[in-house]
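Participant: Structure incoming, see below.
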Amino acid sequence: MIRTENITKTFGSNEVLKGITTEFYAGKPNLIIGSSGAGKTVLLKLLIGLFTPTSGKVFYGDTDLYALNPKELRVIRMKVGMLFQGNALFDSMTVGENIRFPMDMFTKMTAQEKRKRVDECLEMVNMEGINDRFPSEVSGGMQKRVGIARAMVLEPEYLFCDEPNSGLDPQTSILIDELICDLTNRNNITTVINTHDMNSVMGIGDNIILLKNGLIAWHGNKSQVLESDNQVLEDFIFASPFLRRLRADALKQRSNG
Ligand SMILES: Nc1ncnc2c1ncn2[C@@H]1O[C@H](COP(=O)(O)OP(=O)(O)OP(=O)(O)O)[C@@H](O)[C@H]1O
Ligand SMILES: [Mg+2]
């Protein structure tokens with residue numbers, strides 16, 4: 001479980017986050033949603049310790065992330081898997097080398113142990129046998145899977161995914177969501193996902209926060225989305241006329257039933 005306590009982040013005169021207090025639970029995907037520029041990536045980076053908050057705290061369980069010394073921070077980092085916005089695969093490395101990289105950085109595993117783990121992780125994302133290909137030689141969806149394999153290689157307790165579906169068609173997006181969800185449930189990972197993909201919200205949104213103007217404008221889960229009368233949520237989610245109609249029907253059915 002990860003908990004934030006009144007996190008703020010200011011860049012110059014730009015107050016991006018003005019006080020975020022929330023919890024992200026283990027074993028389920030936790031979603032951060034909001035328009036472009038709302039501060040989703042900034043919040044994710046604060047959760048991982050890539051930015052320092054202007055004020056406020058981040059707790060991993062009972063551990064205060066920003067009170068740790070570099071050595072203790074490294075221990076936490078080993079438990080963290082990351083899937084960055086874009087893929088952030090190393091273009092000059094093969095798929096196998098990309099997945100091996102965190103093991104090279106953080107472990108003293110032998111070459112044979114690493115090879116075995118790379119194969120396990122590729123199998124986990126249904127991509128076995130593509131070890132020797134370069135990222136440019138596989139499709140966008142496959143690159144995401146490789147990114148997930150790399151994020152999973154050290155058996156993380158915490159997984160952070162920044163827009164894992166960006167640039168994918170809707171069907172592939174759903175498969176990627178299901179894969180992340182499945183790994184999260186099976187391994188009891190605390191997974192935090194940034195997204196503005198409505199299929200993700202309605203498909204895997206077990207715990208959702210909506211950011212707007214530096215604050216949490218709405219908090220709930222996918223089944224509460226259709227019934228909420230929160231104006232910010234409505235403007236964000238039901239931007240399309242089709243979704244507005246769907247929601248009107250759901251509300252009507254509810255009042256009839
Ligand atoms: N390193 C930085 N220095 C200064 N300002 C930054 C920095 N990183 C982000 N910002 C500012 O923080 C705000 C939020 O950016 P952020 O990248 O978190 O948005 P986002 O919600 O992830 O958007 P998107 O959906 O487009 O990815 C923006 O105004 C951005 O300019
Ligand atoms: Mg972003």
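Bear in mind that the values in this text are calculations on the coordinates, not laboratory data. All values reported here derive from a predicted model rather than from experimental measurement. Here the Cβ positions follow ideal geometry from the backbone for every residue, glycine too, while neighbour counts run over all protein chains shown.
Participant: Which of the residues belonging to segment 140-156 are assigned to a loop (DSSP other than H, G, I, E, B) and buried (at least 18 other Cβ atoms within 10 Å of the Cβ)?
Facilitator: Going residue by residue through segment 140-156, those that are assigned to a loop (DSSP other than H, G, I, E, B) are 153-156.
Across segment 140-156, the qualifying residues are Val153, Leu154, Pro156.
Participant: While we're looking at this one, here's another question. Of the residues in segment 18-43, how many are closer than 11 Å to Thr4 by Cα and within 16 Å of ligand 2 (Cβ to nearest atom)? Steps first, answer last, please.
Facilitator: First pass over segment 18-43, keeping only residues closer than 11 Å to Thr4 by Cα: 19-24, 43.
From the residues that got through so far, the ones that are within 16 Å of ligand 2 (Cβ to nearest atom) too are 20, 43.
Count: 2.
Participant: Before we move on, is Gly86 under 29 Å from Met1 (Cβ atoms) and touching a helix residue (DSSP H, G or I) at 6+ places or on another chain (Cβ under 7 Å)?
Facilitator: Numbers: under 29 Å from Met1 (Cβ atoms): yes; touching a helix residue (DSSP H, G or I) at 6+ places or on another chain (Cβ under 7 Å): no.
Spelling it out, it is not the case that Gly86 is under 29 Å from Met1 (Cβ atoms) and touching a helix residue (DSSP H, G or I) at 6+ places or on another chain (Cβ under 7 Å).
Participant: Next up: Check off (1) surrounded by 14 or more Cβ atoms within 10 Å (Cβ to Cβ); (2) within 30 Å of Val118 (Cα to Cα); (3) of a type in the set (Asp, Glu) for Asp91 and give me the number that stays unchecked.
Facilitator: (1)
Participant: Across segment 28-50, what is the total count of residues that are of a type in the set (A, V, I, L, M, F, W, C) and either part of a strand (DSSP E or B) or in contact with a helix residue (DSSP H, G or I) (Cβ under 7 Å, 6 or more places away or on another chain) (or both)?
Facilitator: Of the residues in segment 28-50, 3 are of a type in the set (A, V, I, L, M, F, W, C) and either part of a strand (DSSP E or B) or in contact with a helix residue (DSSP H, G or I) (Cβ under 7 Å, 6 or more places away or on another chain) (or both).
Participant: Do we find a residue being of a type in the set (Lys, Arg), within 16 Å of the chain's Cα centre (by Cα), at negative phi and assigned to a strand (DSSP E or B) anywhere in segment 4-27?
Facilitator: Taking segment 4-27 first, the residues of a type in the set (Lys, Arg) are 9, 18.
Within this subset, residues satisfying the condition of being within 16 Å of the chain's Cα centre (by Cα) are none.
Among the residues of segment 4-27, not one is of a type in the set (Lys, Arg), within 16 Å of the chain's Cα centre (by Cα), at negative phi and assigned to a strand (DSSP E or B), which makes the answer no.
Participant: Could you tell me how many of the residues in segment 162-180 are in a loop (DSSP other than H, G, I, E, B), more than 21 Å from Asn30 (Cβ to Cβ) and more than 13 Å from ligand 1 (Cβ to nearest atom)? Walk me through how you get there before you give the answer.
Facilitator: To start, the set of residues in segment 162-180 that are in a loop (DSSP other than H, G, I, E, B) comprises 163-169.
In the following step, the residues that additionally are more than 21 Å from Asn30 (Cβ to Cβ) were identified as 167, 169.
Right, trim to more than 13 Å from ligand 1 (Cβ to nearest atom) and you get 169.
Summing the residues that are in a loop (DSSP other than H, G, I, E, B), more than 21 Å from Asn30 (Cβ to Cβ) and more than 13 Å from ligand 1 (Cβ to nearest atom) in segment 162-180 gives 1.
Participant: Inside segment 213-236, can you point out the residues that are under 18 Å from Leu17 (Cα atoms) and either among the aromatic types (Phe, Trp, Tyr) or in a loop (DSSP other than H, G, I, E, B) (or both)?
Facilitator: Correct list: Asn213, Gly214, Trp218.
Participant: Determine, yes or no, whether Leu46 is within 12 Å of ligand 1 (Cβ to nearest atom), free of Cβ contacts under 8 Å to residues at least 60 places away in the same chain and surrounded by 14 or more Cβ atoms within 10 Å (Cβ to Cβ). Walk me through it before giving the result.
Facilitator: Working: within 12 Å of ligand 1 (Cβ to nearest atom): yes; free of Cβ contacts under 8 Å to residues at least 60 places away in the same chain: yes; surrounded by 14 or more Cβ atoms within 10 Å (Cβ to Cβ): yes.
Against the criterion (within 12 Å of ligand 1 (Cβ to nearest atom), free of Cβ contacts under 8 Å to residues at least 60 places away in the same chain and surrounded by 14 or more Cβ atoms within 10 Å (Cβ to Cβ)), Leu46 qualifies.
Participant: Quick one: which residue in Thr41, Thr63, Thr4 is among the hydroxyl-bearing types (Ser, Thr, Tyr), out of contact with any Leu (no Cβ under 9 Å at 6 or more places or on another chain) and under 20 Å from Gly205 (Cβ atoms)?
Facilitator: Working: Thr63 fails: under 20 Å from Gly205 (Cβ atoms); Thr4 fails: out of contact with any Leu (no Cβ under 9 Å at 6 or more places or on another chain).
The unique qualifying residue is Thr41.
Participant: Say whether the condition of being acidic (Asp, Glu) and over 26 Å from Ala149 (Cα atoms) is met by at least one residue in segment 196-214.
Facilitator: no
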